[in-house]
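Q: Handing you this structure, nothing more for now.
The values are calculated or read from the model by the stated rules, or taken from the named source; none is laboratory data. Keep in mind it's a predicted model, so treat the numbers as computed, not measured. Glycine gets a Cβ as well: all are built from the backbone with ideal geometry, and neighbour counts include every protein chain shown. Please note that ligands, DNA and RNA were not included when accessible areas were found on the heavy atoms of the full protein model with its side chains. Shrake-Rupley method; radii C 1.70, N 1.55, O 1.52, S 1.80 Å.
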Amino acid sequence: MNCRSRIHLLSVALMAAATVSAAEHPASLKEAFAAHFPIGAAINRSQATGAPGRRNAELLTQDIALVKAQFNQVTAENDMKWQLIHPREGAEGYDFGPADAFVNFALSHRMEIVGHTLVWHSQTPNWVFAGTNPPPVATNAPLPAAVGTNAVTTNGPGRGRFGPGLVGGFGRYNGPRASREELLQRMRDHIHTVVGRYRGRVKVWDVVNEALADGGPENVLRNSLWLEIIGPDFIAKAFQYAHEADPEAILRYNDYGLENPVKIRKLITLIRSLQEQKVPLHAIGTQAHLNVSTAGFEQMDRSLTELATLGLPIHVTELDINSAQGGQRGTGADVAANAAATQGGLVSDADQKLADAYAGVFRAFLKHQDSVRMVTLWGVNDAVSWRANGRPLLFDGENRPKPAFDAVIREAAAAAAR
Ligand code: 9MR
C-alpha cells in the first residue's frame with residue numbers, strides 16, 4: 001500500500017471515530033469539559049423533587065438520569081424567583097419548599113448550584129412595590145436623573161404559568177407605591193433571607209437580572225418599578241445586600257442579547273460604573289438565547305472578546321439555540337414573544353444547522369476559556385425547554401443525544417488534542 005492510500009485509510013478511520021454517535025459511546029458533557037468549565041442545566045421543579053408534572057413518571061425518571069449523567073452544575077429555572085419563593089409579604093410569606101428541594105438535589109449529586117434570581121422586573125409580586133404614594137399620573141412621568149430609560153414594554157409581560165396580578169404577569173403594577181426607603185427595606189430583607197438561607201451552598205447568585213434596556217443607545221437602563229421607585233442605585237444596593245448575606249458567594253449581573261454590539265456597550269457602561277463604585281460584582285452572566293441562523297463561532301467570539309475587556313469571569317447562563325422559523329431574527333428572552341419566536345416549524349436542515357451552531361459557540365467558549373468559567377444550558381431537553389417548539393437543546397424530547405451533542409463533544413475532543 002502506498003503512502004497516500006495509507007494516509008487516506010488513516011483519515012477515514014479518524015473521521016469514523018469522530019462521528020460515532022454519543023448513543024453508541026456514551027460521552028458526558030461534564031467529563032468532556034472537565035478541564036475547562038463546569039457545564040450545567042436549568043432544572044425545573046419536577047426534576048428537583050421527582051414529582052411528575054408535565055412529564056409522566058417514566059420520562060421524568062429519564063430526565064433526572066440525564067441530568068445526573070451529563071451535568072455538574074444546576075440552576076433553578078423558576079423556583080428561586082421572587083414570585084415563587086416569596087409570594088406574600090413579611091417573614092411568613094416565603095415558600096422555601098421547592099427551592100430547598102432543588103438545593104438538596106444538587107448537593108446530593110455534588111453539583112454546583114446557581115441561584116436565579118434576586119432582583120428582576122419580571123415575576124415579582126405586586127405587594128413588593130405597593131405602598132401609599134400615588135403613582136405618577138402621566139405615563140411620561142419624569143425619569144430618574146442621569147439615566148435614560150426605554151418603554152416599559154421592552155421585555156413585555158410574561159404570560160407564563162404564574163397568572164395575573166404580577167409584574168410580568170398581565171401587566172405591571174399600577175397602584176399606589178412604596179417609597180424608596182420601603183422598597184429598599186423589602187429588597188434587603190428578601191436578599192438577606194434568601195441568600196442567607198443558602199449561604200455556603202448556593203455558590204453563585206444572579207443578583208440583578210435584565211436591567212439593561214433594549215433598543216437604541218440612548219437608554220442604558222430598562223424602565224422598571226425598581227428604577228422608578230429606588231433610582232439607578234437599586235443595582236448597587238442589591239449587590240451590596242447579597243454580599244452582606246454571603247461574602248463568599250459569586251455575585252453575577254445577568255442579561256440577554258449580549259450578542260448585540262449596542263447592548264454590549266450598555267453592559268460595559270453599567271459594569272464600569274459599578275466597578276468604579278467598588279460594588280461587589282464578581283461575574284458577568286450572558287444568557288445566550290440564540291438562533292441557528294446567526295449563532296456560531298464568529299458571533300460568540302465577538303461577544304466574548306468584548307465582554308472579556310471588563311476583566312471579570314464570564315458565565316454563559318441560559319444557552320439555547322432556537323431552530324424555529326419564527327425565531328430567526330432575535331436573541332431576546334421575552335416570554336410574551338416566545339410563542340411567535342417558536343412558530344412556523346423548524347428551519348430546513350435544522351439538525352445540521354443546530355450542530356454547526358453549537359460547535360461554533362463551544363469553539364468560542366474554548367478559545368475564551370480564560371474568561372468563560374461556567375456554561376449552563378437553559379433546560380435539560382427539547383421537551384421541557386421554555387421554547388420547546390424551537391428544539392433548541394442538545395437532547396431531544398426522549399433524551400436522545402442530537403447531532404448537536406456529538407458536535408459539542410467533538411469540539412472538546414479537538415481542544416484536548418491541541
Ligand atoms: O424558562 C423560564 C420559564 O419557565 C418561565 O415561565 C419564564 C418566566 O419566569 O422564565 C423563563 O426563564 C427566563 C429566565 O428566568 C430569565 N431569562 C429569560 C428566560 C426565558 O424567558
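The rows are residues; the columns are (1) in contact (Cβ under 8 Å) with a residue 60 or more places away in the chain; (2) under 24 Å from residue 28 (Cβ atoms); (3) not acidic (Asp, Glu).
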| position | (1), (2), (3) |
| --- | --- |
| 321 | yes, yes, yes |
| 343 | no, no, yes |
| 373 | yes, yes, yes |
| 405 | yes, yes, yes |
| 413 | yes, yes, yes |
| 418 | no, yes, yes |
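Q: Could you list, in sequence order, the residues of the range 226-239 that are surrounded by 20 or more Cβ atoms within 10 Å (Cβ to Cβ) and within 15 Å of residue 279 (Cβ to Cβ)?
A: Once the filter is applied, which keeps residues that are surrounded by 20 or more Cβ atoms within 10 Å (Cβ to Cβ) and within 15 Å of residue 279 (Cβ to Cβ), the range 226-239 yields 230, 234, 235, 237, 238, 239.
Q: A follow-up question, please. Would you pick out the residues in the range 168-198 that are under 15 Å from residue 225 (Cα atoms), of a type outside the set (Gly, Ala, Ser), modelled with pLDDT of 95 or more and in contact with a helix residue (DSSP H, G or I) (Cβ under 8 Å, 6 or more places away or on another chain)?
A: 177, 180, 183, 184, 186, 187
Q: Being of a type outside the set (D, E, K, R), buried (at least 18 other Cβ atoms within 10 Å of the Cβ) and part of a helix (DSSP H, G or I) is the filter here, so list the residues in the range 333-363 that pass it.
A: 338, 341, 350, 354, 355, 357, 358, 359, 360, 361, 362
Q: So the check is Cβ under 9 Å with 6+ separation or different chains; which pairs have a first residue in the range 234-255 that's within 16 Å of the ligand (Cβ to nearest atom) and a second one that's among the acidic types (Asp, Glu)?
A: If the second residue must be among the acidic types (Asp, Glu), the pairs left are 252/206; 253/206; 254/206; 254/210; 254/318; 255/210.
Q: Every residue in the range 73-94 that is within 16 Å of the ligand (Cβ to nearest atom), part of a loop (DSSP other than H, G, I, E, B) and touching a helix residue (DSSP H, G or I) at 6+ places or on another chain (Cβ under 7 Å), please.
A: 78, 79, 80, 86
Q: Just the residues that are open to solvent by less than 50 Å² (accessible area, probe 1.4 Å) and part of a helix (DSSP H, G or I), please, taken from the range 176-199. Walk me through how you get there before you give the answer.
A: Keep residues of the range 176-199 that are open to solvent by less than 50 Å² (accessible area, probe 1.4 Å), which gives 177-179, 183-184, 186-187, 190-191, 194-196, 198.
Answer for the range 176-199, where residues must be open to solvent by less than 50 Å² (accessible area, probe 1.4 Å) and part of a helix (DSSP H, G or I): 183, 184, 186, 187, 190, 191, 194, 195, 196.
Q: Mind listing whichever residues of the range 85-95 are surrounded by fewer than 19 Cβ atoms within 10 Å (Cβ to Cβ), under 20 Å from residue 209 (Cβ atoms) and out of contact with any Pro (no Cβ under 7 Å at 6 or more places or on another chain)?
A: The first filter runs over the range 85-95 and keeps only residues surrounded by fewer than 19 Cβ atoms within 10 Å (Cβ to Cβ), leaving 87-95.
In the following step, the residues that additionally are under 20 Å from residue 209 (Cβ atoms) were identified as 87, 94-95.
Listed by number, the list holds a single entry, 94.
Q: Would you please list the contacts, defined by Cβ atoms under 6 Å and residues six or more apart or on different chains, that run from a residue in the range 268-287 that is in contact (Cβ under 8 Å) with a residue 60 or more places away in the chain to a residue that is of a type outside the set (Ser, Thr, Tyr) and away from the ligand (no atom under 16 Å from the Cβ)?
A: 281/239; 281/251; 281/274; 283/250; 283/312; 283/313
Q: Turning to a different aspect of this structure: Please verify whether the range 313-328 includes one or more residues that are more than 16 Å from the ligand (Cβ to nearest atom), modelled with pLDDT of 95 or more and out of contact with any helix residue (DSSP H, G or I) (no Cβ under 7 Å at 6 or more places or on another chain).
A: yes
Q: If you take the residues of the range 375-401 that are more than 16 Å from the ligand (Cβ to nearest atom) and open to solvent by less than 10 Å² (accessible area, probe 1.4 Å), which of them is nearest to residue 252 (Cα to Cα)?
A: 394
Q: Is there any pair linking a residue in the range 192-215 that is within 15 Å of the ligand (Cβ to nearest atom) to one that is open to solvent by 40 Å² or more (accessible area, probe 1.4 Å), with Cβ under 6 Å and at least six apart or on different chains, and which?
A: 204/250
Q: Could you list, in sequence order, the residues of the range 322-332 that are outside any loop (DSSP other than H, G, I, E, B) and open to solvent by 40 Å² or more (accessible area, probe 1.4 Å)? Steps first, please.
A: Of all residues in the range 322-332, those outside any loop (DSSP other than H, G, I, E, B) come to 322, 324-327.
325, 326, listed by residue number.
Q: Out of everything in the range 41-53 that is within 27 Å of residue 316 (Cα to Cα) and open to solvent by 20 Å² or more (accessible area, probe 1.4 Å), what residue ends up being farthest from the ligand (Cβ to nearest atom)? Walk me through how you get there before you give the answer.
A: Here is the first cut: in the range 41-53, the ones within 27 Å of residue 316 (Cα to Cα) are 41-50.
Next, from what is left, pick out any that are open to solvent by 20 Å² or more (accessible area, probe 1.4 Å): 44-46, 49-50.
Working: 44: 7, 45: 10, 46: 12, 49: 16, 50: 19 Å.
Only one residue fits best here, namely 50.
Q: Turning to a different aspect of this structure: Can you tell me which condition residue 404 does not meet? The list is (1) more than 16 Å from the ligand (Cβ to nearest atom); (2) crowded, with 24+ Cβ neighbours inside 10 Å; (3) not in a helix (DSSP H, G or I), and all the others hold.
A: The number of the failed condition is (3).
Q: Within the range 312-321, is there a residue that is part of a helix (DSSP H, G or I) and open to solvent by 10 Å² or more (accessible area, probe 1.4 Å)? Steps first, please.
A: Kept after step one, since they are part of a helix (DSSP H, G or I), are these residues of the range 312-321: none.
Taking every residue of the range 312-321 in turn, none turns out to be part of a helix (DSSP H, G or I) and open to solvent by 10 Å² or more (accessible area, probe 1.4 Å).
Q: For the structure I just gave you, tell me whether residue 220 is among the β-branched types (Val, Ile, Thr) and open to solvent by less than 20 Å² (accessible area, probe 1.4 Å). Lay out the reasoning, then the answer.
A: Values: among the β-branched types (Val, Ile, Thr): yes; open to solvent by less than 20 Å² (accessible area, probe 1.4 Å): no.
Spelling it out, it is not the case that residue 220 is among the β-branched types (Val, Ile, Thr) and open to solvent by less than 20 Å² (accessible area, probe 1.4 Å).
Q: Here is a follow-up. Counting only residues that are within 16 Å of the ligand (Cβ to nearest atom) and either in a helix (DSSP H, G or I) or open to solvent by 10 Å² or more (accessible area, probe 1.4 Å) (or both), how many does the range 96-121 have?
A: Selection size over the range 96-121: 5.
Q: Which condition number does residue 79 fail, the rest of (1) out of contact with any Pro (no Cβ under 8 Å at 6 or more places or on another chain); (2) modelled with pLDDT of 95 or more being met?
A: (1)
Q: When the range 54-72 is examined, which residues are found to be under 20 Å from residue 204 (Cα atoms) and within 16 Å of the ligand (Cβ to nearest atom)?
A: Residue satisfying the conditions is 67 alone.
Q: In this structure, does residue 294 turn out to be part of a helix (DSSP H, G or I), open to solvent by 60 Å² or more (accessible area, probe 1.4 Å) and either away from the ligand (no atom under 16 Å from the Cβ) or more than 22 Å from residue 355 (Cα to Cα) (or both)? Even if it seems obvious, please write down each step before you answer.
A: On the way: part of a helix (DSSP H, G or I): no; open to solvent by 60 Å² or more (accessible area, probe 1.4 Å): yes; either away from the ligand (no atom under 16 Å from the Cβ) or more than 22 Å from residue 355 (Cα to Cα) (or both): yes.
When the stated conditions are applied, residue 294 does not pass them.
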